[in-house]
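Participant: There's a structure below that I have some questions on.
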Amino acid sequence: MTRTAKLALEDGTVYTGSSFGAEGEIDGEVVFNTSMTGYQEILTDPSYRGQIVTMTYPEIGNYGVNEEDVESHHPHLAGFVVRENSRIASNFRSQDTLHNYLAKHGIIGLEGIDTRSLVRRIRTVGALKGVLSTTDLDDESLVKKAQESPGLVGRDLVQEVIPSETVNWKESLNEWSRDPSLGTVEKQTEHHIVALDYGMKWNIGRHLRELGCRVTILPGTATSEEVLALQPDGVFLSNGPGDPEPVDYAIKAISELLPEVPIFGICLGHQLLSLASGAKTYKLKFGHRGANQPVLNIASGRIEITAQNHGFAVEEETLPDHLEITHRNLNDNTIAGVRHREHAAFSVQYHPEASAGPHDSRYLFQQFHDAITHCRSTTTS
């Protein structure tokens with residue numbers, strides 16, 4: 001039976017469609033993702049905490065879901081909006097439908113609205129707070145709730161997604177994501193990587209293991225003393241949700257780790273490294289979310305097509321002299337990567353592990369591995 005659902009925005013706009021997945025009511029920041037595939041990875045990416053994600057591709061769910069293509073234990077986004085939820089899941093790897101998957105995990109889905117109109121509004125006005133409901137269908141009531149929603153600015157969402165304990169990561173890339181050009185475990189030096197988990201996607205750990213690294217994952221609340229007690233060869237700063245500035249405990253830990261050990265950060269980790277180095281961040285108008293974002297590698301002149309998911313960025317005007325810009329987003333010229341001039345630390349504002357997305361930037365994991373090897377050789381010589 002078709003059930004009516006409504007999405008109300010804080011500016012008074014209301015979209016009426018049909019629900020799929022779970023029933024109920026949620027609030028969050030309404031954003032859009034331009035990926036054509038990879039919806040299961042998007043659903044389970046902890047970076048989407050507190051967001052109602054709209055897919056721009058018109059039909060979603062056509063290849064179903066499976067147990068392998070996940071980036072965490074369960075979905076983290078607040079709600080899911082599509083033009084059409086495919087009634088048929090057809091793929092030899094499919095184990096269930098998108099509808100059943102969302103229902104199982106309590107995620108409300110909305111279909112049958114003009115997603116083009118919604119995306120145009122977000123691009124014009126900026127990301128908006130919204131409420132998605134199958135229970136309250138009164139427009140005035142829903143708009144009021146959207147206006148009272150807390151939004152993302154100033155909230156520490158990392159605390160809602162980090163693990164409760166240390167994990168010794170063992171899993172490497174599977175047959176669907178392995179790239180023979182990356183080499184094998186036997187060809188690489190085993191470095192001990194301590195990954196600070198602010199909402200880390202599992203494919204990051206898989207890539208580090210693929211390089212032969214021993215990977216210990218700590219909650220993002222770990223102090224520099226707790227990290228250094230594990231005697232890491234390198235520290236990885238993961239992706240994560242929301243505004244980086246309230247995550248002051250991580251900024252403090254990173255600033256203390258900078259002189260001690262090589263560091264590589266992505267997404268939120270990039271922003272936290274920049275904050276720890278003296279820069280500031282700001283909220284983007286509507287963010288970068290999709291598997292088709294062009295980035296310029298300034299040193300090589302090569303353009304990489306990247307997977308991205310962030311609503312904040314590093315403010316170029318506040319960049320200290322000891323941070324060098326290494327990459328730029330070609331859609332809006334924002335900073336997409338930095339390198340510390342005084343310490344062995346670098347970061348990018350996108351996802352080299354993809355999942356889902358292009359593999360243009362996988363070299364960054366090897367670059368991190370090589371930086372650690374160089375630091376170890378200079379220390380022992």
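No lab work stands behind these numbers, since they all come straight from the coordinates. It should be emphasised that the depicted structure is a prediction, and the values quoted were computed from it without experimental measurement. Positions of Cβ are backbone-derived with ideal geometry, glycine not excepted, and every protein chain shown enters the neighbour counts.
Participant: Evaluate the charge dipole of region 321-369 about its Cα centre and quote only its size in Debye, nearest 20, assuming +1 on the Cβ of each Lys and Arg and -1 on the Cβ of each Asp and Glu. Can you show the working numbers first?
Facilitator: On the way: 4 positive and 6 negative charges, 18 e Å.
Charge dipole, region 321-369, about its Cα centre: 80 debye, nearest 20.
Participant: When 1/r is averaged over all different Cα pairs and the result inverted, which Kirkwood radius in Å belongs to region 158-380? It would help to have the intermediate numbers written out before the result.
Facilitator: On the way: mean 1/r = 0.0581 Å⁻¹.
Evaluated over region 158-380, this radius sits at 17.2 Å.
Participant: Rounded to the nearest Å, what's the spacing between the alpha carbon centres of region 140-159 and region 16-95? Just the number, please.
Facilitator: The distance from the Cα centre of region 140-159 to that of region 16-95 comes to 21 Å.
Participant: May I pose another question? Which order results if F236, F92 are arranged by neighbouring Cβ count within 10 Å, fewest first? Intermediate results must be reported in sequence, preceding the final value.
Facilitator: Values: F236 26, F92 7.
So the residues, fewest neighbours to most, are F92, F236.
Participant: Now, a different point. For the pair E67/D370, report the inter-label distance in nm, with labels modelled 7 Å from Cα in the Cβ direction.
Facilitator: Here the modelled spin labels are 3.9 nm apart.
Participant: Among K170, K201, K283, which comes first, second and so on when ranked by fewest other beta-carbon atoms within 10 Å? Kindly include the intermediate steps, with their values, before the conclusion.
Facilitator: On the way: K170 10, K201 27, K283 16.
Going from sparsest to densest Cβ surroundings: K170, K283, K201.
Participant: While we're here: Explain nothing, just the number: dipole magnitude of region 19-77 about its Cα centre with +1 on each Lys and Arg Cβ and -1 on each Asp and Glu Cβ, in debye rounded to the nearest 20.
Facilitator: On the way: 1 positive and 11 negative charges, 27 e Å.
With Lys and Arg at +1 and Asp and Glu at -1, about 140 debye.
Participant: Among H359, T379, N309, whose Cα projects farthest towards the positive end of the dipole of region 294-381, with charges put on the beta-carbon of Lys, Arg (+1) and Asp, Glu (-1)?
Facilitator: T379
Participant: Could you work out the equivalent-ellipsoid semi-axes for the chain, taking the square root of 5 times each eigenvalue of the Cα gyration tensor, largest first, in whole Å? Display every interim value, and only then the final one.
Facilitator: Values: eigenvalues 253, 103, 66 Å².
Listed largest to smallest, the semi-axes of the chain are 36, 23, 18 Å.
Participant: Only Lys, Arg, Asp and Glu count, each charged at its Cβ (+1, +1, -1, -1), so figure out the dipole size of the chain about its Cα centre, rounded to 20 debye.
Facilitator: 720
Participant: Which entries of K6/K170; K145/K283; K104/K144; K104/K170; K6/K280; K170/K283 have Cα-Cα distances beyond 31 Å here?
Facilitator: Details: K6/K170 43 Å; K145/K283 22 Å; K104/K144 29 Å; K104/K170 27 Å; K6/K280 37 Å; K170/K283 36 Å.
Beyond 31 Å: K6/K170; K6/K280; K170/K283.
Participant: Using only the alpha carbons of region 79-232, determine the length spanned along each of the three principal axes and report them from longest to shortest in whole angstroms.
Facilitator: Computed over region 79-232, the largest-to-smallest principal extents equal 60, 44, 31 Å.
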